[in-house]
Amino acid sequence: MRLASSTNGAAENSDTFSGDLSETTNCKGDTEIKERKPFFSGENVCLYKRLDGQWKRRKDITELRVGERLFATKLDQDLLGGKTGAKIFLECGVGRFDNSTKKWHMVNGMMRVGGRETKKAVVQKRLKRIFYNNNTSLVPVYVSKINLQEKRFEVLPSQEEAVKHFEQAPRRVSVSSLRPGQELVGQILRVQPYGAIIDVGANKQGLLHINTVAKLTGSKDVFKKNGLKEVGIVPKAEVRVSVLSNGFKQYRIKTENAKQKWARQLELDFTKDAKEEAEKEQREANQRKVEERRAKWEANRPENVRIKTMTEDASVSKSSVSVAFEDEEEEEEEFDEDRAIEEALGLDYY
């Protein structure tokens, strides 16, 4: 990605056309309108009529550069109550050409006008300042971020802000470059009932599934409410993870036609070191539980009950055993059977 050196009017999408426009193809969204073709050299050209009445060439998103100036109109759709902050969407004269269908598709720009905790009154003041109290006006905006993989871009009201935002933004790697087994350090962004969403420094977030956490902890309590938080899976926490799988999966979109959509999903697992450390902690915890139970039982058992340990049993010497046998032999030598019979019959006085 390159920073565009913008001069007055040099970076604007200001390709003008001459000729009669009654027989050309003008794309407005995915709708095709037949008019007469203008005198313009080039293939796969898409024209649109700007708010000021001028016909302009729709710019492909691959041609955009950070800091480039575009003229935009605010659309009715917005996300002023978005989870990541207030956002609005703009028609900037940008689109994308699909080589497979040979058709153009509109790509609207997004502008962030507030953070998560920004008050609505502050957001409204910013919008009035940008659009001069007129949402239908044509205002200059500057490209601050381009995501070709997801086919979207962001803009800001000044070039200085756009360039500064680009320079301060963390450099992210392409998710397609990540390989299974690759170890990463990530930060937990959100905790969902099915797992944790983690930022690993790629242009797509990864998923640490709840089953993976349960397998590591060896407990089913993580499936309970707030179970993940109890084991340390909380937002802004740093975790060591490895890539479990990185590929496309098919999803069913809940629409009238119930279409199927393929999307890339980055599944994560704990690193080998993290697993070994967790297993060690689990063994120590189990040992502590056993010792606590034994100490509790020893404290509550009756005083006249004594359990010999294996070491106490082994401490019995061989000499003590041999002495016991010698005493038994001496007793056997003193016993006289004949005399015992005589005493029993009363003959011992003869």
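Read-outs throughout are calculated quantities, based only on the coordinates presented, and are distinct from any laboratory measurement. Computed from a predicted model, the values in this text were never measured in an experiment. Positions of Cβ are backbone-derived with ideal geometry, glycine not excepted, and every protein chain shown enters the neighbour counts.
Values computed for the structure shown
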{"item": "Peptides 71-77, 194-200 ordered by average Cβ neighbours within 10 Å, highest first", "result": "194-200, 71-77"}
{"item": "Relative contact order of segment 70-110, pairs being alpha-carbon contacts under 8 Å that are 6 or more residues apart, as %", "result": "34 percent"}
{"item": "Hydrodynamic radius (Kirkwood) for segment 136-222, which is based on Cα pairs only, to one decimal in Å", "result": "16.0 Å"}
{"item": "Sorted peptide list for 270-279, 205-214, criterion being average Cβ within 10 angstrom, highest first", "result": "205-214, 270-279"}
{"item": "Per-bin percent of Cα-Cα distances, segment 71-180 [10 Å]", "result": "13, 39, 33, 12, 2, 0"}
{"item": "Peptides ranked, highest mean first, by Cβ atoms within 10 Å: ranges 84-96, 288-300, 141-153, 159-171", "result": "84-96, 141-153, 159-171, 288-300"}
